[in-house]
Amino acid sequence: MKIEIQDLSFTYGSHKVLDGTTFQVSPGTFVGIIGPNGSGKTTLLKLLSRILKPTAGCVVLGEQSLDSLTQKTLARTMAVVAQDTNAGYQFTVEDVVLMGRAPYLGRFQAESLEDYEIVRQALEVTGCIHLRKRSITELSGGERQRVTIARALAQQPEVLLLDEPTSHLDIGYQQEILDLVKRLSTVEGLTVVAVLHDLNLAAYYCNELVLVHHGKIRACGPATEVLTADNIETVYGTRVLITPHPVFGTPQVSLLSGRGNGPAPKDEQVHVIAGGGSGGELLRDLCEAGYDVTVGVLNVGDSDWEAARALGLPLVSEAPFSSISPERHTDNVAMMQKAQAVILAEIPLGHGNLLNLEAALAAANEGKPVYVLEEKQEQNRDFTAGEGQKLLNLVKEKGIVLTEKTQLYRALTEQFRLSGNQLDDLGDEARPAVD
Ligand code: ADP
């Protein structure tokens, strides 16, 4: 059954919560409503289920206005799974699901064998049949949610509305409930509209998403069109990276907090030498801490290059799989000179990147603090038959070797506290002691 939401507005007292919302849900699709807390998602769902009456606009179910349906017809057409609430009464699971048959019963009419059969099927589909004699109060959150969906199915609806059906559930139950809902839409042909909190789950399961922001629709359509970094930053105020799911290609949202959420920049510049995945987490944490971070030299396509680009960091890049050229080395040295500290991440040493070690050594020889991270010391990362290790040992002699990132962060804090950014002028004695 198709749902048309036409220019829907709603006001609580003088507080306008929804403002001219318009979108369509095609029959048999699974549509996710997403948006930050307080954006109006639950209100929208309550308008769709006629729990609230719009101040303007209307909802059309199939060919009929929601307004025009009798309560009984509405209950036979649409079922609502509200946010999980702890059931206070000691009903059995079977009794709870049987309540879903109410729209089909006359005033004092008892349930027929057919009603019991429909309840059995609903319990079967939702994997609750073994729970039927248990009290609803004894169930886990995931089991209770399945029973609530079973009750909704006993209504034999064409439309299923769910408000955050997986909140408070662990990832296993989240998957179980959403697999079930998806199956109901694809196999049983139910039209499903669900408010979902988790953007990745929404992208994974829904055919289309509706992104609500301050009571208006910011975007609606397939997840690839709705879940853009720009939309997420505008609506949630957080920087993210959108990548395709490695297997299914649906968009996945990864936090990229970095500069977006960290403290105000400290004007304290550090230059990181990374590569081969040694620097991603480090770059993020340094950005979070408010340092001005530069990076080099990284090969285009290297995961640290991707991380630096995603964080918007100034960097010196070399062509993919190429040795560092003298030009890029010069650029790197120039960038390094502007930094007050250099950090050498635990990079693999190959003939192609020895110039990065040369650059670090030159910085150390000039008296700049060079922090050398050595977290996984046991691992051989020299692929140059000794040349790289020799050079690294020289850098370690002149630099400050740290075996944990936490030591590095403390050392940097100490350096900048001591120096007031003037460490370079004070010479070697001013270097922070590192435990
Ligand atoms: P969401 O589901 O996106 O978190 P809601 O639809 O619950 O958002 O709420 C949208 C806005 O309406 C919020 O600012 C909320 O405080 C307000 N609101 C929700 N319910 C009521 C109510 N019963 N009375 C007054 N304001 C309400």
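So between GLN379 and THR11, what do we pick up on full extension, going 0.36 nm a residue minus the alpha carbon distance?
Gain in length upon complete extension: 126.2 nm.
Between GLU4 and ALA102, with labels modelled 7 Å along Cα→Cβ, what's the label distance in nm to one decimal, could you check?
Using points 7 Å along Cα→Cβ, the separation is 3.1 nm.
Can you tell me the 0 to 90 degree angle between the C-alpha axis of helix 354-365 and the longest principal axis of the chain, rounded to 10?
Taking Cα atoms only, the helix is inclined about 60 degrees.
Take peptides 8-16, 168-176, 187-195, 242-250 and line them up by average Cβ neighbours within 10 Å, highest first, as a rough protection proxy.
Put in order of decreasing packing, that is 187-195, 168-176, 8-16, 242-250.
If you roll a 1.4 Å probe over the chain with all protein chains in place, what percent of the accessible area is carbon or sulfur?
It is 51 percent, rounded to a whole number.
For GLN121 paired with SER303, estimate the spin-label separation in nm (one decimal), with each label point 7 Å from Cα along the Cα-to-Cβ line.
Once both label points are built, they end up 4.9 nm from each other.
Where the centroid of each part is defined by its Cα atoms, how far is segment 150-189 from segment 228-259 in Å?
Rounded to whole Å, the Cα centres lie 25 Å apart.
Taking amide H atoms as placed 1.01 Å from N in the peptide plane, list the residues 5 or more away in sequence, or in a different chain, whose amide H sits under 5 Å from that of VAL17.
Those lying under 5 Å, H to H, from VAL17 are PHE10, THR11, TYR12.
First measure r as the distance between the Cβ atoms of ASN393 and HIS214, then evaluate 1/(1 + (r/R0)^6) with R0 = 51 Å and state the FRET efficiency to the nearest 0.05. Walk me through the numbers before you get to the answer.
Values: r = 58 Å, r/R0 = 1.15.
With a Förster radius of 51 Å, E is 0.30.
From the P(r) of the chain, could you give the percentage of C-alpha pairs in the tail past 33 Å?
For the chain, the share of Cα pairs beyond 33 Å comes to 52 percent.
Relative to the longest principal axis of the chain, what angle (0 to 90°, nearest 10) does the C-alpha long axis of helix 326-338 take?
Once rounded, one gets 80 degrees.
Just to confirm the number: angle between the C-alpha axis of helix 141-154 and the first principal axis of the chain, 0 to 90 degrees, nearest 10?
That works out to roughly 40 degrees.
Compute the distance in nm between two label points, each set 7 Å from the Cα along the Cα-to-Cβ direction, one at SER26 and one at GLU404.
Going by the 7 Å Cα→Cβ label model, 5.5 nm.
Check segment 3-255 and count each lysine pair with an alpha-carbon distance under 18 angstrom, considering only pairs eight or more places apart or from different chains.
Qualifying lysine pairs in segment 3-255: 10.
Would you calculate a helix-derived [θ] at 222 nm for the chain, using -39,500 (n - 2.57) for each DSSP H run of n ≥ 4 and dividing by the full residue count, to the nearest 500?
Computed ellipticity for the chain at 222 nm equals -10500 deg cm²/dmol.
Going by average Cβ neighbours within 10 Å, how do the peptides 100-113, 144-157 rank, with the highest at the top? Each step should come with its number before you reach the end.
Numbers: 100-113: 12.4, 144-157: 24.3.
Going from most to least packed, we get 144-157, 100-113.
Take a quick pass over segment 353-417 and tell me how many lysine pairs come in under 14 angstrom between Cα atoms, counting only ones 8 or more apart or on separate chains.
Details: LYS368/LYS396; LYS368/LYS398; LYS376/LYS405; LYS390/LYS398.
Lysine pairs meeting the criterion: 4.
What does the extension gain come out to for ALA334 and HIS197, with contour length at 0.36 nm per residue minus their alpha carbon separation?
44.7 nm
As an exercise, find the ratio Rg/Rh for segment 177-326 from alpha-carbon atoms, using the Kirkwood inverse-distance average for Rh.
1.09
The values are calculated or read from the model by the stated rules, or taken from the named source; none is laboratory data. Given the structure is predicted, the values throughout are model-derived calculations rather than measurements. Note that each Cβ is placed from the backbone with ideal geometry, even for glycine, and that neighbours are counted across all protein chains shown. Side chains included, ligands, DNA and RNA excluded: accessible areas come from the protein's heavy atoms. Shrake-Rupley method; radii C 1.70, N 1.55, O 1.52, S 1.80 Å.
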